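Asker: Pasting a structure below so you can have a look.
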C-alpha cells in the first residue's frame, strides 16, 4: 500500500482483510498441526479429545512418544548429521566462490557464474535423478576398469550430502557475495600498506565483516538441507533422513507422533531463525 495516496475506507478495509486472510492461509495449518500434537487421540486429525503429552513422552506399548521412537530419532540424527556437513561444505566453498566472483574480470567469469546458478532453477526431482545416474555410471565404470568398489557412489549418506551440497552452495555464495559487495576495499589497502599480508587482511578485516552473512547463510543452509525431500529421495540409502521417514509413515498411515515431530521442528526452526536475526542485528 502506498501511504502517500489518499486511500478510502473501502480500500483500507480490503487491504487489511487481504493481509489477515493471507496470514491465516500461511499459519493456520501450522497452528492446527501444533495443537493436534497434544491431542489425546490415536489419529493425527480432529476432533479434539483432550490434552495429552503421550505423543512426546509415552514409552509404549500402546502409544510411543517421539522421544521413545527409535526409528524417528535415528532419522532425525541422520538429518542433523547431513545438514551439518552440507552447511560446513557449503559455507567453505560458497565463501571462497564469493571471493572469486567479486574479483576483477577473469576468463569465463560470466559462464562460471551462470553455471553456478543452474542448480537453483533445475527441479529437485530432475537434479536428484541426474545425480543418481551420474554417480551410478561413475561407480560402475570404476569397478569395471579398476575393480574399485566406491561405496559413496551408490545411494548412501555421503551421496545425499554431495547432492544437497551441489545446489545449497549456490545460495551461500549469493548471500556472502551480496554482503561482500558492501565492503570498503580501502580498508584492505590500508592494512596492506601497514605491513599486513594477504592472509592477515582476510582473517582480521574481511572475514569479521562477513561474519553475520556467513552465519546467516550457514543457518539457512542447515535448514534447507534438513528439510530437503525431492533431491534426497533419489540419493538416500539405508539411512533415511527425517523428511523421507515421515513421508513413508504418512503414506502407510501413522499416529499423531508426526504432529509431535512437526511441533518440535517448528519450534526448533523458529529458535534458529530468531538466533540468526539476533546475530545479524548485533553485527549491524
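Values in this text are rule-based calculations from the coordinates and carry no lab data. The structure presented is a predicted model; accordingly, all values stated were derived computationally and were not measured. Because the Cβ atoms are built from the backbone with ideal geometry, glycine has one as well, and the counts that use them run over all protein chains shown.
Asker: Between 111, 274, 46, find the one with the highest GNM mean-square fluctuation for the chain; connect C-alpha pairs within less than 10 Å.
Answerer: With Cα springs under 10 Å in the chain, the top fluctuation among 111, 274, 46 is at 111.
Asker: Can you give the Rg to Rh ratio for the chain, taking only C-alpha atoms and Rh from Kirkwood? Write out the running numbers ahead of the final one.
Answerer: Details: Rg = 23.9 Å, Rh = 22.5 Å.
Computed over Cα atoms, the ratio is 1.06.
Asker: Sequence gap at least 6, Cα distance under 8 Å: using those rules, report the relative contact order of segment 153-284 to the nearest whole percent.
Answerer: Working: 79 pairs, mean separation 49.7, N = 132.
For segment 153-284, the relative contact order is 38 percent.
Asker: Would you give the gap between the C-alpha center of segment 26-41 and the C-alpha center of segment 216-276, rounded to a whole Å?
Answerer: Distance between centres, Cα-based: 17 Å.
Asker: Taking Cα pairs under 8 Å and at least six residues apart, what relative contact order does the chain come out at, in percent? Provide the component values of the computation, followed by the final result.
Answerer: Values: 304 pairs, mean separation 83.2, N = 284.
Over the chain, the number comes to 29 percent.
Asker: Separate question: Measure out, as a whole number of angstrom, how far apart the alpha-carbon centroids of segment 49-69 and segment 140-181 sit.
Answerer: 38
Asker: Moving on to the next point. Gaussian network model of the chain, Cα springs within a sub-10 Å range: biggest mean-square fluctuation belongs to which of 22, 49, 247?
Answerer: Looking only at 22, 49, 247, the largest GNM fluctuation is found for 22.
Asker: Follow-up question, since we're still on this one. Less than 14 Å from a label point 7 Å out along the Cα-to-Cβ axis of residue 248: which backbone N atoms in segment 75-94 qualify, by residue?
Answerer: Only 75-79 fall inside the zone, counting backbone N under 14 Å.
Asker: Full-extension gain between residue 126 and residue 15, please, as 0.36 nm times their residue separation minus the C-alpha to C-alpha distance.
Answerer: Values: separation 111, 0.36 × 111 = 39.96 nm, distance 3.93 nm.
Gain in length upon complete extension: 36.0 nm.
Asker: So, one more: Can you give me the distance in nm between label points at residue 115 and residue 264, each placed 7 Å from the Cα along the Cα-to-Cβ direction?
Answerer: 4.2
Asker: Moving on. 222 nm [θ] for the chain, helices only, -39500 (n - 2.57) per DSSP H run of 4+, per residue, to 500? Spell out each step's value before the answer.
Answerer: Details: 12 runs with 202 residues, N = 284.
Mean residue ellipticity at 222 nm (helix-derived): -24000 deg cm²/dmol.
Asker: Figure the gain on full extension for residue 93 and residue 62 (residue separation times 0.36 nm, minus the Cα-Cα span) and round it to one decimal in nm. Intermediate results must be reported in sequence, preceding the final value.
Answerer: Working: separation 31, 0.36 × 31 = 11.16 nm, distance 4.80 nm.
Answer, rounded to one decimal: 6.4 nm.
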